Amino acid sequence: MFFSHLNKKIRLSTLLTIGLLSIGTLEAAPLDTLQILEKAEQYRVKNESAVINCEVEVFKAEQLQKTRLYKVFAGTQERSLVVFQSPADAGQKVLMKGKDFWMFMPKSRRPIRITPMQKLLGDAALGDIATLSWSKQYQVTAQQQTDSTLHFTLEAKTDAASYQKIELTLNSQDSFPISADLYLRSGMLAKTATFTRGERDGETRVVAMTLQDQMKTDNKTVIHYRQTQAMEIPEKLFNPQILIRSDLEQLLAE
């Protein structure tokens, strides 16, 4: 009985050691991991619920092809409404609500459902423009640290995430995001994002995100975060039937 008890202790000790070696120190302190990712996200958008004005530049072979404007209403519980504002595509809207996605075109009478893959199509993938949450949509499966960087391997918790896996690199001193490799469910590296440090509203912020296409390597998209405003987005704005309305500003005021 003594040896049986001793063997159980040895097995338990071995399992704990293997677990710590495989996932690093963050598994021992999951709250710290969450806090690091939340801090990194706040450099992009400080408030969980906010209105974000973006300017998107599309390049091919380093030549600017077009510029587009978007307004993103980012709410809690993985909800975002992207409103296209450039004259060329004014009136188009995309609603992302958990695992469900809808798109509205001005000439259509009702919003249509789109798939997670469809929301990643186009010059500026809508999943990239909306606020992708590292802390809420992903879990850390591996971690490495150097003197200057923290590196996390993130795996999507659900199919609703824009990418299945993200290799995220942060500044180890202040958790500012440096780069992110974005992988599809197939395992293919789709894009590499790099983040530009700057100042907005008197604080250090991500002022731009550059997306280098890894499948069409001469394609590049730069998303400029021009203005963000903390706002409690009303529930009614995330109703698919609202997409047919052209007076969203008035709706917010009601």
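The values are calculated or read from the model by the stated rules, or taken from the named source; none is laboratory data. Treat the numbers as computed from the prediction; the structure is a model and nothing was measured. With ideal geometry, Cβ positions are generated from the backbone for all residues, glycine too; neighbour counts draw on all protein chains shown. We work out accessible area using only protein heavy atoms, side chains counted, and drop any ligands, DNA or RNA first. Shrake-Rupley method; radii C 1.70, N 1.55, O 1.52, S 1.80 Å.
Checked against the criterion of being open to solvent by 70 Å² or more (accessible area, probe 1.4 Å), within 18 Å of Ala50 (Cα to Cα) and charged (D, E, K, R), the stretch 217-234 contains one or more residues that satisfy it. In the stretch 235-248, of all residues being in a helix (DSSP H, G or I) and open to solvent by 70 Å² or more (accessible area, probe 1.4 Å), the one that is nearest to Phe104 (Cα to Cα) corresponds to Ile244.
Candidates are the residues of the stretch 130-162 that are in a strand (DSSP E or B) and hydrophobic (A, V, I, L, M, F, W, C); the one that is surrounded by the most Cβ atoms within 10 Å (Cβ to Cβ) is Phe152. Among the residues of the stretch 158-173, those that are free of Cβ contacts under 8 Å to residues at least 60 places away in the same chain and closer than 19 Å to Gln145 by Cβ comprise Ile166, Glu167, Thr169, Asn171, Ser172, Gln173. Select from the stretch 197-242 the residues that are of a type in the set (Phe, Trp, Tyr) and within 17 Å of the chain's Cα centre (by Cα) and list them in ascending order. Across the stretch 197-242, the qualifying residue is only Tyr225.
Scanning the stretch 163-186 for residues that are over 15 Å from the mean Cα position of the chain (by Cα) and either open to solvent by less than 20 Å² (accessible area, probe 1.4 Å) or within 17 Å of Asp32 (Cα to Cα) (or both) gives Asn171, Ser172, Gln173, Asp174, Ser175.
Scanning the stretch 29-55 for residues that are of a type in the set (A, V, I, L, M, F, W, C) and over 16 Å from the mean Cα position of the chain (by Cα) returns Ala29, Leu31.
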